[in-house]
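The values are calculated or read from the model by the stated rules, or taken from the named source; none is laboratory data. This one's a predicted model, so the numbers in the text were calculated from it and none came from an experiment. Methodologically, a virtual Cβ is constructed for each residue, glycine included, from the backbone with ideal geometry; neighbour enumeration extends over all protein chains shown.
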Amino acid sequence: MNSEIKTGIFCTGVTEWALKYFHGHELSITRGTSYNAYLIKDGEFNVLIDSVKAPHVPEFLKKLEAIVPLDKITHYVINHTEPDHSGAFTAIMAKSPNAKIICSRGGQKPLLRHYPGNWNIQPVKTGDEIKLHSKTLRFFEAQMLHWPDSMFTYCPEEKILFPNDAFGQHYASSSKFADDVDQCELWQEAMKYFANILTPFSGQIINKVNDFSKLGWPVEMICPSHGMIWRKNVTQIIEKYVEWASGKAEPGVVIIYDTIWGGTEKMARAISRGLDSANVQFRIFNAGTSDFNDVNTEILKYKGVLIGCPTLNNSLMPTIAPFLESLKGLRFVNKVGAAFGTYGWSGEGCARLEEFMKSGNISIVQQPIKANYNPNEEDLAKCEQFGKDFAEHLK
Ligand code: FEO
């Protein structure tokens with residue numbers, strides 16, 4: 001496919017089809033990803049915007065060299081220094097040692113920590129411009145969307161925004177454009193990306209989107225650094241970011257449990273019957289066998305979170321711990337929750353679950369429900385009522 005997405009503007013990244021995990025093993029990847037870099041050729045100017053992850057540098061350089069000799073790059077814009085986008089820095093600078101490096105004010109320190117050297121760096125702030133031949137580069141500091149160094153680059157003549165990680169998805173396709181691909185897959189991946197990477201910065205995201213909107217820079221194309229380029233109805237993904245960051249969610253429930261001998265699982269199912277009788281949508285996940293990144297995506301979608309675990313060794317089952325740690329770090333907005341679980345003698349499990357939920361910014365709206373050893377019919381009836389009661393908190 002032609003890499004020229006607008007006259008003189010090329011998408012030159014690399015698609016990674018077989019990746020299973022990102023950020024070490026923290027984030028599952030189910031539909032591949034891409035590292036999108038962009039090249040702007042404008043008269044005597046050749047501007048590279050971002051690059052790719054280190055293992056893909058040879059392929060990237062080959063693609064780039066097919067468009068412009070590397071020693072002719074005049075400006076290298078680093079919107080974000082995380083290594084999945086700056087992995088080719090050393091190789092680029094070896095070929096273009098005189099290229100001017102453009103980064104945000106917050107980008108200088110991490111850039112030099114990753115790539116020590118005496119580089120020709122021009123830090124920029126919101127509103128700064130660099131005039132090229134017929135095009136202009138304009139910058140917007142997007143701190144905490146999602147690092148302190150994050151920056152958007154904007155080309156006013158083409159109304160194109162290069163926001164790096166923002167508005168991206170881990171999604172591989174033979175196409176470059178969002179309107180060419182399966183919309184269910186695309187939006188699921190956009191939501192998974194937001195839920196697992198951007199949720200902790202929800203407050204800053206709303207502020208930054210508002211700040212950007214106030215500038216009045218019209219946008220007709222959004223070129224993120226992962227996944228598909230948005231060229232139709234581009235405001236939709238921006239509006240979705242505001243919705244997700246605001247905690248706007250459906251009145252449904254995610255139930256996550258783990259179980260030793262099946263007692264807590266019986267409780268989960270009884271609770272779901274109570275939700276069902278109240279016409280509440282729910283999804284049930286076994287923490288020990290589910291992908292917690294997918295669970296987090298569902299949590300972003302729904303308002304309610306019910307977590308169940310038996311007490312084990314005066315605490316919780318280790319298999320639920322990775323999920324709870326991720327919940328604590330993500331700090332979802334506007335969620336309500338409650339805990340449940342079986343116990344034998346000491347029974348600390350529910351209290352431990354509530355601690356995690358509170359530290360994950362989930363409001364505990366109902367007393368926990370416990371069952372001793374193995375829930376009997378009376379216990380399960382109480383669980384059904386627990387589900388019905390919880391449904392009231394979703395309104
Ligand atoms: Fe895609 Fe923050 O790196």
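GLN281 versus (1) within 15 Å of ALA391 (Cα to Cα); (2) buried (at least 20 other Cβ atoms within 10 Å of the Cβ); (3) not hydrophobic (A, V, I, L, M, F, W, C): which is the lone unmet condition?
Answer for GLN281: the failing condition is (2).
Taking the stated definitions as given, is ALA54 farther than 18 Å from ASP149 by Cβ, surrounded by fewer than 19 Cβ atoms within 10 Å (Cβ to Cβ) and touching a helix residue (DSSP H, G or I) at 6+ places or on another chain (Cβ under 7 Å)? Outline the logic, then answer.
Details: farther than 18 Å from ASP149 by Cβ: yes; surrounded by fewer than 19 Cβ atoms within 10 Å (Cβ to Cβ): yes; touching a helix residue (DSSP H, G or I) at 6+ places or on another chain (Cβ under 7 Å): yes.
It is true that ALA54 is farther than 18 Å from ASP149 by Cβ, surrounded by fewer than 19 Cβ atoms within 10 Å (Cβ to Cβ) and touching a helix residue (DSSP H, G or I) at 6+ places or on another chain (Cβ under 7 Å).
How many residues are farther than 17 Å from SER28 by Cα and either within 15 Å of the ligand (Cβ to nearest atom) or in contact (Cβ under 8 Å) with a residue 40 or more places away in the chain (or both) when one looks only at the range 163-210? Give the derivation first.
In the first step, residues of the range 163-210 are kept if they are farther than 17 Å from SER28 by Cα; the result is 163-164, 166-167, 173-184, 200-210.
Still in the running and either within 15 Å of the ligand (Cβ to nearest atom) or in contact (Cβ under 8 Å) with a residue 40 or more places away in the chain (or both): 163-164, 166-167, 173-181, 200-206, 208.
Number of matching residues: 21.
Does any residue of the range 248-266 turn out to be within 22 Å of LEU145 (Cα to Cα) and out of contact with any Asp or Glu (no Cβ under 8 Å at 6 or more places or on another chain)? Step through it out loud before you land on a result.
So in the range 248-266, the residues within 22 Å of LEU145 (Cα to Cα) come out as 248-249.
Checking the rest, the ones that are also out of contact with any Asp or Glu (no Cβ under 8 Å at 6 or more places or on another chain) come to 248-249.
Looking for residues that are within 22 Å of LEU145 (Cα to Cα) and out of contact with any Asp or Glu (no Cβ under 8 Å at 6 or more places or on another chain), one finds at least one in the range 248-266, hence yes.
Please specify each residue of the range 243-294 satisfying the condition of being assigned to a helix (DSSP H, G or I), over 29 Å from TYR21 (Cβ atoms), out of contact with any Gly (no Cβ under 9 Å at 6 or more places or on another chain) and not basic (Lys, Arg).
Across the range 243-294, the qualifying residue is only SER246.
State yes or no: is VAL333 surrounded by fewer than 21 Cβ atoms within 10 Å (Cβ to Cβ) and part of a loop (DSSP other than H, G, I, E, B)? Outline the logic, then answer.
On the way: surrounded by fewer than 21 Cβ atoms within 10 Å (Cβ to Cβ): yes; part of a loop (DSSP other than H, G, I, E, B): yes.
It is true that VAL333 is surrounded by fewer than 21 Cβ atoms within 10 Å (Cβ to Cβ) and part of a loop (DSSP other than H, G, I, E, B).
Output the residues belonging to the range 88-113 that are surrounded by fewer than 20 Cβ atoms within 10 Å (Cβ to Cβ) and either in contact with a His (Cβ under 8 Å, 6 or more places away or on another chain) or in a strand (DSSP E or B) (or both).
Residue satisfying the conditions is LYS100 alone.
Regarding TYR38, is this residue hydroxyl-bearing (Ser, Thr, Tyr) and closer than 29 Å to HIS75 by Cβ? Talk me through it step by step, then tell me what you get.
Numbers: hydroxyl-bearing (Ser, Thr, Tyr): yes; closer than 29 Å to HIS75 by Cβ: yes.
Here the answer is yes, as TYR38 does meet what is asked.
Here are some residues: PHE10, PHE60. Which one is among the aromatic types (Phe, Trp, Tyr), buried (at least 18 other Cβ atoms within 10 Å of the Cβ) and away from the ligand (no atom under 16 Å from the Cβ)? Outline the logic, then answer.
On the way: PHE60 fails: away from the ligand (no atom under 16 Å from the Cβ).
Testing whether each residue is among the aromatic types (Phe, Trp, Tyr), buried (at least 18 other Cβ atoms within 10 Å of the Cβ) and away from the ligand (no atom under 16 Å from the Cβ) leaves just PHE10.
Okay, residues lined up against (1) within 13 Å of the ligand (Cβ to nearest atom); (2) of a type outside the set (Val, Ile, Thr); (3) at pLDDT below 95:
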| position | (1), (2), (3) |
| --- | --- |
| GLU65 | no, yes, no |
| VAL68 | no, no, no |
| LYS72 | no, yes, no |
| THR81 | yes, no, no |
| ASP84 | yes, yes, no |
| ALA88 | no, yes, no |
| GLY106 | no, yes, no |
| PRO110 | yes, yes, no |
| TYR115 | no, yes, no |
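Can you confirm whether the range 121-131 contains a residue that is more than 16 Å from the ligand (Cβ to nearest atom) and of a type in the set (Asp, Glu)? Before the answer, list the steps.
The initial filter retains those residues of the range 121-131 that are more than 16 Å from the ligand (Cβ to nearest atom), namely 121-131.
Okay, now just the ones that are also of a type in the set (Asp, Glu), so 128-129.
Yes: one or more hits.
Do we find a residue being farther than 23 Å from GLU44 by Cα, aromatic (Phe, Trp, Tyr) and assigned to a loop (DSSP other than H, G, I, E, B) anywhere in the range 164-182? Break it down stepwise before answering.
Of all residues in the range 164-182, those farther than 23 Å from GLU44 by Cα come to 164-182.
With aromatic (Phe, Trp, Tyr) added as a condition, the list becomes 167, 171, 177.
With the extra rule that they be assigned to a loop (DSSP other than H, G, I, E, B), the set shrinks to 167, 171.
So far as the range 164-182 goes, yes, one or more of its residues are farther than 23 Å from GLU44 by Cα, aromatic (Phe, Trp, Tyr) and assigned to a loop (DSSP other than H, G, I, E, B).
What about TRP345, is it surrounded by fewer than 19 Cβ atoms within 10 Å (Cβ to Cβ), within 23 Å of GLU384 (Cβ to Cβ) and either hydrophobic (A, V, I, L, M, F, W, C) or under 25 Å from the mean Cα position of the chain (by Cα) (or both)? Reasoning before the result, please.
Numbers: surrounded by fewer than 19 Cβ atoms within 10 Å (Cβ to Cβ): yes; within 23 Å of GLU384 (Cβ to Cβ): no; either hydrophobic (A, V, I, L, M, F, W, C) or under 25 Å from the mean Cα position of the chain (by Cα) (or both): yes.
Considered against the rule, which asks whether it is surrounded by fewer than 19 Cβ atoms within 10 Å (Cβ to Cβ), within 23 Å of GLU384 (Cβ to Cβ) and either hydrophobic (A, V, I, L, M, F, W, C) or under 25 Å from the mean Cα position of the chain (by Cα) (or both), TRP345 comes out as no.
Test LYS53 against the stated conditions and say whether it is free of Cβ contacts under 8 Å to residues at least 40 places away in the same chain and away from the ligand (no atom under 16 Å from the Cβ).
The answer is no for LYS53.
Quick one: which residue in TYR115, TYR76, TYR38 is in contact (Cβ under 8 Å) with a residue 12 or more places away in the chain and within 19 Å of ILE229 (Cβ to Cβ)? Please lay out each step first, then the result.
On the way: TYR115 fails: within 19 Å of ILE229 (Cβ to Cβ); TYR76 fails: within 19 Å of ILE229 (Cβ to Cβ).
That would be TYR38, the only listed residue that is in contact (Cβ under 8 Å) with a residue 12 or more places away in the chain and within 19 Å of ILE229 (Cβ to Cβ).
Can you name the condition, by its number, that PRO218 falls short on among (1) over 26 Å from the mean Cα position of the chain (by Cα); (2) in a loop (DSSP other than H, G, I, E, B); (3) of a type outside the set (Gly, Ala, Ser)?
(1)
Only one of (1) surrounded by fewer than 22 Cβ atoms within 10 Å (Cβ to Cβ); (2) more than 16 Å from the ligand (Cβ to nearest atom) is not met by TYR257, so which one is it?
Single failed check for TYR257: (1).
Is it true that some residue in the range 143-154 is of a type in the set (Phe, Trp, Tyr), closer than 22 Å to ASN233 by Cβ and either within 16 Å of the ligand (Cβ to nearest atom) or surrounded by fewer than 21 Cβ atoms within 10 Å (Cβ to Cβ) (or both)? Give the steps one after another, and end with the answer.
Initially, the range 143-154 is screened for residues of a type in the set (Phe, Trp, Tyr), giving 147, 152, 154.
Subsequent filtering for residues that are closer than 22 Å to ASN233 by Cβ retains 152, 154.
Okay, now just the ones that are also either within 16 Å of the ligand (Cβ to nearest atom) or surrounded by fewer than 21 Cβ atoms within 10 Å (Cβ to Cβ) (or both), so 152.
Among the residues of the range 143-154, at least one is of a type in the set (Phe, Trp, Tyr), closer than 22 Å to ASN233 by Cβ and either within 16 Å of the ligand (Cβ to nearest atom) or surrounded by fewer than 21 Cβ atoms within 10 Å (Cβ to Cβ) (or both), which makes the answer yes.
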